[in-house]
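To start, the structure itself, in C-alpha cells.
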Amino acid sequence: MARYRGPQTRIARKFGEPIFGPDKVLDKKNYPPGAHGLNKKRRKTSEYGIQLKEKQKAKYTYGILEKQFRNIFANATAARGVTGVVLLQMLESRLDNIVFRLGVAPSRAAARQMVTHRHILVNDAICNIPSAGVKPGDIISVREKSKSLEIITESLSGFNHSKYPWIEWDENIMGGKFMSVPEREDIPENIKEQLIVELYSK
C-alpha cells in the first residue's frame with residue numbers, strides 16, 4: 001500500500017501544526033523549513049497556493065495520497081450534503097482513523113499497520129483494509145491474541161475515550177462502537193474544507 005514515508009517534522013513545520021502528533025522539534029522551530037524559514041518578507045501566497053496547501057494538509061493528516069484523496073472527494077461530491085463536510089466525514093469514517101480515534105494506536109500510521117497486520121476486528125471479523133469505510137453500528141475491536149501488544153497497551157494507557165462523542169468505548173472488548181457519522185463541529189482537525197472544494201472546482 002502506497003503511503004507517505006518522508007520526513008514528518010519538515011512537513012509539520014511547513015504547515016505550522018503538529019499534524020502527525022506531538023513533535024518536540026516543532027515546539028522549538030515553529031516556522032517553515034529551509035534557509036528562508038524565518039524570513040518574514042517571504043512572497044505572499046496566492047489564492048491557489050492557499051487552497052493547495054489546505055488540501056495537502058488534509059492528505060498528510062489522514063495519510064492519503066493524491067489519487068485516493070481525489071476519489072474520496074468525487075464520492076463526497078456525489079453524496080448528499082455539504083461537499084466539504086461530507087469529505088471530512090468520509091475521511092473520519094475510515095477504519096484506520098477509527099482505530100486511531102479509539103486510542104488503540106498512537107498515530108494513524110500505527111493504526112494502518114495494525115489493520116494490515118490483522119490485529120483489528122470489524123464486527124468480530126478480521127479486516128486488513130485500512131481504507132475500509134466504517135458504518136454506524138459497526139463494532140471495532142482488537143483481536144484477542146493481540147490485546148497484550150505493548151504498542152496497544154501503552155497507547156491506551158491514560159487515553160480519554162470521551163473525546164469523541166460518535167464512538168462508544170467498551171473496555172471488555174478493547175474496542176468500541178461507531179455510533180454515528182461525526183458532525184463537523186465534533187471533528188477536531190484544523191482543516192478549512194471549503195478551500196479544498198474551491199480548489200477542485202477550478
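Identify all residues within the range 67-116 that are in contact with a Leu (Cβ under 6 Å, 6 or more places away or on another chain) and not in a helix (DSSP H, G or I); write none if there are none.
The answer is Gly103, and nothing else.
Can you name every residue in the range 73-104 that is out of contact with any strand residue (DSSP E or B) (no Cβ under 9 Å at 6 or more places or on another chain) and hydrophobic (A, V, I, L, M, F, W, C)?
Listed by number, the residues that qualify are Phe73, Ala74, Ala76, Ala78, Ala79, Val82, Val85, Val86, Leu87, Leu88, Leu91, Phe100.
What are the residues in the range 143-158 that are under 11 Å from Leu102 (Cβ atoms) and more than 17 Å from the chain's Cα centre (by Cα), if any?
Ile152, Leu156
Which condition from (1) under 28 Å from Asn172 (Cα atoms); (2) crowded, with 19+ Cβ neighbours inside 10 Å is the one that Cys127 breaks?
(2)
With the requirement that a residue be of a type outside the set (A, V, I, L, M, F, W, C) and over 16 Å from the mean Cα position of the chain (by Cα), what does the range 71-93 give you?
Asn71, Asn75, Thr77, Arg80, Gly81, Thr83
Quick check on the range 39-94: of everything there that is within 17 Å of Lys192 (Cα to Cα) and among the acidic types (Asp, Glu), which residue is surrounded by the fewest Cβ atoms within 10 Å (Cβ to Cβ)?
Filtering first and then ranking leaves Glu47.
Restricting to the range 157-168, name every residue that is within 24 Å of Asp124 (Cβ to Cβ) and out of contact with any Ser or Thr (no Cβ under 8 Å at 6 or more places or on another chain).
Result: Phe159, His161, Tyr164, Ile167, Glu168.
Bear in mind these aren't lab numbers, they're just calculated from the coordinates by the rules spelled out. Keep in mind that this is a model prediction, so the values were computed, not measured. In this analysis, Cβ positions are derived from the backbone assuming ideal geometry, glycine residues included, and neighbour counts consider all displayed protein chains.
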